[in-house]
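Reviewing the structure listed below.
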Amino acid sequence: MSRIGKKPVELPSGVEASLSGQTINVKGPKGTLSFTATDDVTLNVDGQTVTVEPRGKSKRARQQWGMSRTVVANLVQGVTQGFKKELEITGVGYRAQMQGNVLKLSLGYSHDVNFEVPQGVTVTAPKPTEIVVEGNDAQQVGQVAANIREWRPPEPYKGKGIRYKGEYIFRKEGKKK
């Protein structure tokens, strides 16, 4: 039994969910999001709750059950509050700044890195060493943050690079003389 899948998803006031086949559309103050579930689960919309039930006892149906419920909960959170990932830049001379729709990163390379911000996501740089990625879609926000971090992941000796806020980097001791 999926502990996550059993819980119904509550719809807050101002959020509407409509079901057509296996596709659920969630509409709220921050926009509209949709998700198409696999044939292994059944989606039900009853007033202000959405429930997910597995079809059958197969392993795949049980896997899809909890995953589908979590995706529906993320849709509801996305149209009400949105999602946010914060990145920190550590290193001498490493900085970030926004120029229109382009995030300009100075990361110790011989050139600046120009990162095009995709549609549906807003990226801000409140300080030269901080980047904030915000949007409705949890997957897209996480992917954009990961793509930015990929340009200079934190290294274990000095800790320089781009890290998620609150991320712990296991530090190694350097060579001994």
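Using Cα atoms only, what is the angle between the long axis of helix 59-80 and the major principal axis of the chain, expressed in degrees (0 to 90) to the nearest 10?
Tilt relative to the chain: about 70 degrees.
Do the alpha carbons of any pairs in LYS85/LYS160; LYS84/LYS175; LYS27/LYS85; LYS7/LYS27; LYS127/LYS160 sit beyond 27 Å of each other, and which pairs?
On the way: LYS85/LYS160 19 Å; LYS84/LYS175 39 Å; LYS27/LYS85 23 Å; LYS7/LYS27 21 Å; LYS127/LYS160 17 Å.
Beyond 27 Å: LYS84/LYS175.
Can you find, among THR32, TYR168, VAL72, the residue sitting farthest towards the positive end of the charge dipole of the chain, where Lys and Arg contribute +1 and Asp and Glu -1 at Cβ?
Result: TYR168, furthest along the dipole toward the positive end.
Using unit Cβ charges (K, R positive; D, E negative) and no other charged atoms, how large, in debye to the nearest 20, is the dipole of the chain about its Cα centre?
Values: 27 positive and 17 negative charges, 220 e Å.
That gives the chain a dipole magnitude of about 1060 debye.
For a quick check of your reading of the filter: which chymotrypsin sites (Phe, Trp or Tyr not before Pro) in the stretch 67-150 sit in a DSSP loop and have no more than 15 other Cβ atoms within 10 Å? If you can, show how the numbers build up before the last one.
Details: sites: PHE83, TYR94, TYR109, PHE115; in loops: TYR94, TYR109.
Those satisfying the criteria are TYR109.
Nearest 10 degrees is fine. How inclined is helix 138-149 to the longest principal axis of the chain, computing both from alpha carbons?
Its long axis makes an angle of about 10 degrees.
Within the stretch 1-96, which trypsin sites (Lys or Arg not before Pro) sit in a loop by DSSP and count at most 12 neighbouring Cβ atoms inside 10 Å?
Working: sites: ARG3, LYS6, LYS27, LYS30, ARG55, LYS57, LYS59, ARG60, ARG62, ARG69, LYS84, LYS85, ARG95; in loops: LYS30, ARG55, LYS57.
In loop regions of the stretch 1-96 (DSSP not H, G, I, E or B), the sparsely surrounded trypsin sites (Lys or Arg not before Pro) are LYS57.
When Lys and Arg each count +1 and Asp and Glu each count -1, what net charge do the other residues less than 12 Å away from LYS104, Cβ to Cβ, add up to?
Here the charged neighbours net out to -1.
Of the residues GLY28, GLY66, GLY56, which exhibits the maximal mean-square fluctuation in a Gaussian network model of the chain defined by a 10 Å Cα contact cut-off?
The residue with the greatest mean-square fluctuation here is GLY56.
Note down the net charge around GLU53, summing +1 for each Lys or Arg and -1 for each Asp or Glu among other residues with Cβ under 14 Å from its Cβ. List each step's numbers first, then the result.
Details: positive: LYS6, LYS7, ARG55, LYS57, ARG62, ARG69; negative: ASP39, ASP40, ASP46.
It works out to a net charge of +3.
Each reported figure results from applying straightforward, stated rules to the coordinates on display, with no laboratory input. Just so it is clear, the structure is predicted and the values come from calculations on it, not from any experiment. Cβ coordinates were reconstructed from backbone atoms using ideal geometry, including for glycine residues, and neighbour counts include every protein chain displayed.
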